[in-house]
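Colleague: Quick one: structure below, then a few questions.
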Amino acid sequence: MEYFRTQYGINLKNKKILIECRMVKELERCGAETFAEYLKMLQKDRTGEIAGGMVNRLTTNFTYFLREPEHFTILKERVLPELALKKRYGSCQIWCAGCATGEECYTLKMCLQEYQDQGGQLPNVRILATDISEEVLKKAEQGIYPERERENIPLSWREKYCQDIDKNNFRVNENLRYNIRFQKHNLMEPMRQNGKFDVIFCRNVMIYFDKVSRKQLVSRLEENLNPGGYLFIGHAELLSREETSLEQVYPAVYRKSENA
Ligand SMILES: C[S@@+](CC[C@H](N)C(=O)[O-])C[C@H]1O[C@@H](n2cnc3c(N)ncnc32)[C@H](O)[C@@H]1O
């Protein structure tokens with residue numbers, strides 16, 4: 001699937017069976033009888049509708065609340081106090097890149113809220129949450145999750161941040177959804193229109209990328225960070241010294257120099 005690698009960075013080499021299983025329904029949806037027919041439709045399609053359907057099927061969107069929880073402790077104990085000092089009267093931006101169905105950006109918001117509830121001062125914090133899959137972005141925006149996902153949220157947070165919808169689902173409350181913008185964005189393309197970020201979470205995204213795309217992604221994320229800004233990646237994605245000019249400050253947490 002060279003198309004997928006060059007367009008989105010995702011490496012699907014040796015995943016023939018997975019692709020076939022996931023794409024059967026998509027071929028049906030588009031009215032294609034064979035993969036060859038589907039590829040022709042894909043090439044001719046100017047609306048992006050067919051490519052969008054393929055992205056929805058072939059991306060791995062697995063995520064959950066408080067995934068890799070040490071990162072949120074580091075955020076509360078080191079990053080937020082630093083931001084509070086640096087930007088006392090201003091505002092700052094966090095980018096949740098590859099946000100999938102939104103659990104990660106809502107966890108971030110819960111941490112910010114907790115920090116403030118415990119007396120911490122924060123500037124106005126805006127969160128941008130992006131993904132290439134429109135399907136997951138829609139779910140993220142709604143903030144509605146199946147009951148089993150509530151188990152990952154600490155009890156005291158459940159009471160504050162979750163509201164029942166019905167027997168099977170809950171929704172994160174309105175305060176939590178406030179000040180998060182959801183936007184479709186392909187990480188293989190430059191992020192120009194949103195300014196620079198003080199914190200970027202891009203976790204468990206590049207694990208699916210080939211080496212070249214991973215390198216391009218890391219250098220783009222570096223460009224998008226403010227001096228002194230932090231990059232959080234997945235624990236399975238650690239960067240070597242050759243791959244980044246950022247300083248590693250904790251496992252899977254990197255910081256851009258103040259003088260960069
Ligand atoms: C496994 S999820 C990770 C979700 C969350 N960050 C976490 O750690 O739980 C990876 C997400 O990255 C998105 N993704 C993959 N390639 C992307 C690209 N080129 N641009 C933007 N998002 C991408 C996928 O659609 C998917 O939702």
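The values are calculated or read from the model by the stated rules, or taken from the named source; none is laboratory data. All values reported here derive from a predicted model rather than from experimental measurement. Note that we place each Cβ from the backbone using ideal geometry, even for glycine, and neighbour counts take in every protein chain shown. Accessible surface areas use protein heavy atoms only, side chains included; no ligands, DNA or RNA. Shrake-Rupley method; radii C 1.70, N 1.55, O 1.52, S 1.80 Å.
Colleague: Within region 80-91, how many residues are surrounded by fewer than 22 Cβ atoms within 10 Å (Cβ to Cβ) and either outside any helix (DSSP H, G or I) or touching a strand residue (DSSP E or B) at 6+ places or on another chain (Cβ under 8 Å) (or both)?
Modeller: Summing the residues that are surrounded by fewer than 22 Cβ atoms within 10 Å (Cβ to Cβ) and either outside any helix (DSSP H, G or I) or touching a strand residue (DSSP E or B) at 6+ places or on another chain (Cβ under 8 Å) (or both) in region 80-91 gives 7.
Colleague: Every residue in region 186-205 that is at negative phi and part of a loop (DSSP other than H, G, I, E, B), please.
Modeller: Of everything in region 186-205, those that are at negative phi and part of a loop (DSSP other than H, G, I, E, B) turn out to be N186, L187, M188, E189, P190, M191, R192, Q193, N194, K196, R203, V205.
Colleague: In addition: Which of the numbered conditions does R203 fail, given that it passes all the others? Conditions: (1) over 17 Å from the mean Cα position of the chain (by Cα); (2) of a type in the set (K, R); (3) crowded, with 23+ Cβ neighbours inside 10 Å.
Modeller: Going through (1) over 17 Å from the mean Cα position of the chain (by Cα); (2) of a type in the set (K, R); (3) crowded, with 23+ Cβ neighbours inside 10 Å one by one, R203 breaks only (1).
Here's the yes/no breakdown for (1) of a type in the set (D, E, K, R); (2) farther than 27 Å from Y89 by Cα; (3) part of a loop (DSSP other than H, G, I, E, B):
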| site | (1), (2), (3) |
| --- | --- |
| R126 | yes, no, no |
| Y145 | no, yes, no |
| K160 | yes, yes, no |
| F170 | no, yes, no |
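Colleague: Here is a further query. Just to verify a result, which residue in region 175-195, among those that are closer than 15 Å to I127 by Cβ and open to solvent by 100 Å² or more (accessible area, probe 1.4 Å), is nearest to the ligand (Cβ to nearest atom)?
Modeller: So the residue we want is R181.
Colleague: List every residue pair whose Cβ atoms sit under 7 Å apart, with the two residues 6 or more apart in sequence or on different chains, where the first one lies in region 214-232 and is assigned to a helix (DSSP H, G or I) and the second, anywhere, is crowded, with 19+ Cβ neighbours inside 10 Å and charged (D, E, K, R).
Modeller: That search, which allows pairs on different chains as well, returns E222/K256.
Colleague: Test L108 against the criterion of being modelled with pLDDT of 95 or more, more than 15 Å from R67 (Cα to Cα) and in a helix (DSSP H, G or I), and give yes or no.
Modeller: Criteria not met by L108.
Colleague: Out of all the residues in region 233-249, which are over 13 Å from R203 (Cβ atoms) and part of a strand (DSSP E or B)?
Modeller: Passing the criteria: E247, Q248, V249.
Colleague: How many of the residues in region 211-235 are open to solvent by 20 Å² or more (accessible area, probe 1.4 Å) and under 22 Å from L18 (Cβ atoms)?
Modeller: The number of residues fulfilling the criteria is 3.
Colleague: For I207, work out the one condition from (1) within 14 Å of the ligand (Cβ to nearest atom); (2) β-branched (V, I, T); (3) under 14 Å from G102 (Cβ atoms) it doesn't fulfil.
Modeller: (3)
Conditions (1) under 30 Å from L155 (Cα atoms); (2) open to solvent by less than 20 Å² (accessible area, probe 1.4 Å); (3) within 16 Å of the ligand (Cβ to nearest atom); (4) not in a loop (DSSP other than H, G, I, E, B), marked per residue:
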{"position": "T47", "(1), (2), (3), (4)": "no, no, no, no"}
{"position": "V55", "(1), (2), (3), (4)": "no, yes, yes, yes"}
{"position": "T63", "(1), (2), (3), (4)": "yes, no, yes, no"}
{"position": "L66", "(1), (2), (3), (4)": "yes, no, yes, no"}
{"position": "W95", "(1), (2), (3), (4)": "yes, yes, yes, yes"}
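Colleague: Still on this structure: Looking only at region 99-117, count how many residues are under 21 Å from Y250 (Cβ atoms) and either open to solvent by 20 Å² or more (accessible area, probe 1.4 Å) or more than 14 Å from the chain's Cα centre (by Cα) (or both).
Modeller: Selection size over region 99-117: 5.
Colleague: In addition: Please indicate, with yes or no, whether at least one residue in region 88-95 is touching a residue at least 12 places away in the same chain (Cβ under 8 Å) and farther than 25 Å from R192 by Cβ.
Modeller: Yes, region 88-95 has at least one match.
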